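Novice: The structure is given below, and queries will be raised subsequently.
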Amino acid sequence: IFSDVSNGTVTFLPLEENSEGKYQIKKCNIYQIQLTHVTDGEWSVSVVAPFPEDWFSDGITYPKLAWLGNELLYKLAKWSVEQKPSEFKSTLSLISVAKYSKVYQDLKEKYKEMVKVWPEVTDPDKFVYEDVAIATYLLILWEEERKEKGLTKKQTFVDLGCGNGLLVHILNNEGHSGRGIDVRRRKIWDMYGPETHLEESTIMPGDSHLFPDTDWLIGNHSDELTPWIPVIAARSSYSCCYFVLPCCFFDFHGKYSRRQSKKTQYREYLDFVAQVGFVCGFHVEEDCLRIPSTKRVCLIGKNRTYAPTECALIDKQITQYINNRQTSAVVTVGLNHKDHSNGVCEEAGSELPENEAETAGTIWMPGFQPREKVEQIRNCASLPRDFVDDVVLNVANLLLNAAPPKPCSNTHGGNTNTWNQGESLSLKEVAEHLNKETLKRLKSEYGGLQTLLKNNHQVFEVLNGRVHIRDWRKEKPSRKTKPEVKRRLSAEAFKTRLCWFFIHHPDGCSLPSESCPYAHGTEELRQSQIIKKKKH
């Protein structure tokens with residue numbers, strides 16, 4: 001990296017090691033960031049790539065040019081003028097950044113093939129590199145802990161709500177004995193092999209889910225379990241530590257309810273999870289991870305604030321705190337656990353009948369709702385076709401009637417005609433015109449109205465929160481940018497569905513039949529050649 005402060009430039013020269021161990025400049029991927037003084041109070045920042053036509057991107061070490069121009073440039077400009085103090089700690093404040101960078105690059109190179117074989121529907125780039133980054137952080141954190149405490153054996157762990165299991169796979173591979181537990185098995189689990197220990201099981205916070213022989217509990221986007229992880233760690237043993245990366249906002253008994261308006265919801269929730277750790281007797285530390293996510297603040301509890309002889313006192317404090325958090329007085333949690341003094345479970349002296357005591361000693365909160373074993377599809381795809389068609393027609397008519405038709409030249413048809421493009425409306429304005437029952441039904445789906453409209457992309461275009469009627473005359477052919485597989489699929493789907501505009505639009509379709517990818521009438525319909533995936 002060459003920094004020329006006087007001229008306001010920073011030039012990045014990528015070096016690659018050849019087979020002889022010598023470094024050479026990868027000329028095609030040189031780029032420069034320039035800062036230019038325009039006027040007295042105005043500056044501009046730009047990214048320059050001298051050889052854009054030869055640019056090489058592997059999605060790992062070399063980013064895409066579009067990312068440099070669209071994402072990085074925007075953020076550089078934003079950060080340059082931001083003055084508000086951050087409500088979070090600086091990134092990687094608890095570990096060595098230099099060590100992190102080295103280990104991260106090594107692991108990224110080691111596990112990059114996972115991106116190519118990722119069988120889940122989730123984005124492989126995001127999830128693979130996010131888990132690599134979290135694994136890197138934990139490996140360095142644990143290495144530092146071994147030095148501090150004079151340990152020689154690598155720490156053991158349990159990842160509660162492990163999801164795709166990649167974090168467990170990496171930590172196992174790097175020499176840490178541990179396992180992941182999740183309510184639902186993922187397809188990718190079968191790819192890891194027997195050395196990666198993953199279990200399909202429902203975790204209910206209680207005496208049956210304690211881990212007295214485990215050094216660390218991990219909660220990586222663990223949702224309903226997030227506030228319980230410090231409690232489980234505290235009651236598992238005096239030496240058990242925890243690492244949580246909160247994402248979705250859950251309390252002990254369900255969704256988290258905001259109590260302060262002066263903080264952001266995210267900051268307030270982090271403070272709540274940290275407070276749980278303090279109540280459980282941990283010195284809670286906060287750090288900011290370097291991951292591709294907006295929720296990247298982690299909370300760590302690795303040291304206790306009390307002596308081992310005070311375990312019973314802390315245990316009562318935890319019970320009282322959970323009771324006070326409950327919004328309903330129907331369930332009394334206080335009796336539903338055992339005393340975990342010194343990490344050894346001893347019966348609390350409660351006068352319950354034998355059969356009730358057995359139940360009470362199992363689950364700490366009977367009202368706790370774990371995640372469902374079968375993931376519900378809530379992306380509007382499971383809504384009845386008649387319902388979706390009615391909503392599409394209502395919204396389309398709303399847009400078409402919002403303004404007088406505008407004259408547009410239909411060049412594809414060979415003659416000039418007037419085709420009503422309608423008006424654009426905000427999602428809020430569209431929602432205000434739908435009846436309450438329709439909105440209620442849509443709200444039960446992730447994304448609601450916006451998702452339904454985006455799913456029906458033949459009819460609508462949703463840009464920056466505004467809904468437009470799609471004008472297919474403006475759709476540019478994308479043969480050059482589409483990969484071969486997608487081009488083939490597009491060709492196979494040609495004329496396999498009816499054209500909505502041909503049937504419903506008052507002016508018909510804006511394209512002539514031969515140009516429209518959809519069928520103008522049933523006589524044009526072709527049988528789809530695409531084999532649909534079986535629904536499991």
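The values are calculated or read from the model by the stated rules, or taken from the named source; none is laboratory data. The structure presented is a predicted model; accordingly, all values stated were derived computationally and were not measured. Backbone-built Cβ (ideal geometry, glycine too); neighbour counts: all protein chains shown. Side chains included, ligands, DNA and RNA excluded: accessible areas come from the protein's heavy atoms. Shrake-Rupley method; radii C 1.70, N 1.55, O 1.52, S 1.80 Å.
Novice: For the full complex of protein chains and a 1.4 angstrom probe, list L452, L398 by accessible area with the highest value first.
Specialist: L398, L452
Novice: Something else about it: Measuring from label point to label point, each 7 Å out along Cα→Cβ, what is the V81 to D213 span in nm?
Specialist: The answer from the label model is 6.0 nm.
Novice: So which of K116/K187; K428/K474; K187/K454; K27/K126 end up more than 18 Å apart by C-alpha?
Specialist: Violating the 18 Å Cα-Cα cut-off are K428/K474; K187/K454; K27/K126.
Novice: Multiply the residue gap between L313 and S426 by 0.36 nm, knock off their C-alpha separation, and tell me the result in nm, one decimal place.
Specialist: On the way: separation 113, 0.36 × 113 = 40.68 nm, distance 5.60 nm.
Residue separation times 0.36 nm, minus the Cα-Cα distance, leaves 35.1 nm.
Novice: Hey, how many Å between the Cα centroid of region 242-273 and the Cα centroid of region 146-166?
Specialist: 25 Å
Novice: Only Lys, Arg, Asp and Glu count, each charged at its Cβ (+1, +1, -1, -1), so figure out the dipole size of region 1-100 about its Cα centre, rounded to 20 debye. Write down the numbers at each step before the final one.
Specialist: Numbers: 9 positive and 12 negative charges, 63 e Å.
For region 1-100, the charge dipole is close to 300 debye.
Novice: Can you tell me the length gained on complete extension of the stretch H433 to I30, counting 0.36 nm per residue apart and subtracting the Cα distance?
Specialist: 139.8 nm
Novice: In addition: Can you tell me how much longer the chain between D507 and T61 gets when fully stretched, taken as 0.36 nm per residue apart minus their C-alpha distance, in nm with one decimal?
Specialist: Answer, rounded to one decimal: 155.4 nm.
Novice: If Lys and Arg each add +1 and Asp and Glu each add -1, what is the summed charge of the other residues whose beta carbon sits under 14 Å from the beta carbon of K27?
Specialist: Neighbour charge sum, excluding K27 itself: -2.
Novice: If you don't mind, there's one more thing I want to ask. Once you place label points 7 Å from the Cα toward the Cβ at T39 and R325, how far apart are they in nm?
Specialist: 5.5 nm
Novice: Report for region 97-328 the percent antiparallel among DSSP-assigned beta bridges with both residues inside it, nearest 5. Each step should come with its number before you reach the end.
Specialist: Values: 11 of 26 bridges.
Counting DSSP beta bridges with both partners in region 97-328, the antiparallel share is about 40 percent.
Novice: Just in region 179-210: which trypsin sites (Lys or Arg not before Pro) are loop by DSSP and have at most 16 other Cβ atoms within 10 Å? Show your work: numbers first, answer last.
Specialist: Details: sites: R179, R184, R185, R186, K187; in loops: R184, R185, R186, K187.
Of the trypsin sites (Lys or Arg not before Pro), the ones in loops of region 179-210 whose Cβ has at most 16 other Cβ atoms within 10 Å are R184, R185, K187.
Novice: Straight-line reach from K263: which aspartates and glutamates have a Cα under 15 Å away, not including same-chain ones fewer than 8 places off?
Specialist: E87, D271
Novice: If you count only protein heavy atoms and use a 1.4 Å probe, how large is the accessible surface of R325, to the nearest 10 Å²?
Specialist: Estimated to the nearest 10 Å², R325 gives 20 Å².
Novice: Can you give the FRET efficiency for F278 and E514, using 1/(1 + (r/R0)^6), R0 = 51 Å, r = Cβ-Cβ distance, to the nearest 0.05?
Specialist: The formula returns an efficiency of 0.15 here.
Novice: Another question, if that's okay. How much net charge surrounds I469 when only other residues with a Cβ under 9 Å from its Cβ are counted (Lys, Arg +1; Asp, Glu -1)?
Specialist: Cβ neighbours under 9 Å give a net charge of -2.
Novice: Given labels modelled 7 Å from the Cα in the Cβ direction, how far is it in nm from K295 to S6?
Specialist: Inter-label distance under the simple model: 5.1 nm.
Novice: Kindly report, to the nearest 10 Å², the accessible surface of S44 as traced by a 1.4 Å probe over protein heavy atoms only.
Specialist: S44 has an accessible surface of roughly 50 Å² with all protein chains in place.
Novice: Then there's this: Straight-line reach from K149: which aspartates and glutamates fall under 19 Å, measuring Cα to Cα and dropping same-chain residues less than 8 apart?
Specialist: K149 reaches D213, D215, E285.
Novice: Further question on the same structure: Given a Förster distance of 60 angstrom, what is the FRET efficiency for N401 paired with K153, based on the Cβ-Cβ distance and rounded to 0.05?
Specialist: On the way: r = 72 Å, r/R0 = 1.21.
Computed FRET efficiency for N401 and K153: 0.25.
Novice: I'd like the accessible area for R385, computed on protein heavy atoms only with a 1.4 Å probe and all protein chains in place. Round to 10 Å², please.
Specialist: 130 Å²
Novice: In the structure displayed, which of K154/K302; K22/K112; K89/K295; K262/K440 lie more than 19 Å apart, Cα to Cα? Walk me through the numbers on the way to the answer.
Specialist: Numbers: K154/K302 15 Å; K22/K112 24 Å; K89/K295 13 Å; K262/K440 30 Å.
With Cα atoms farther than 19 Å apart: K22/K112; K262/K440.
Novice: Quick check for you: which residues of region 134-161 have the amide N under 11 Å from the point 7 Å beyond the Cα of V117 toward its beta carbon?
Specialist: In region 134-161, the label zone of V117 (backbone N under 11 Å from the point 7 Å along Cα→Cβ) covers no residue.
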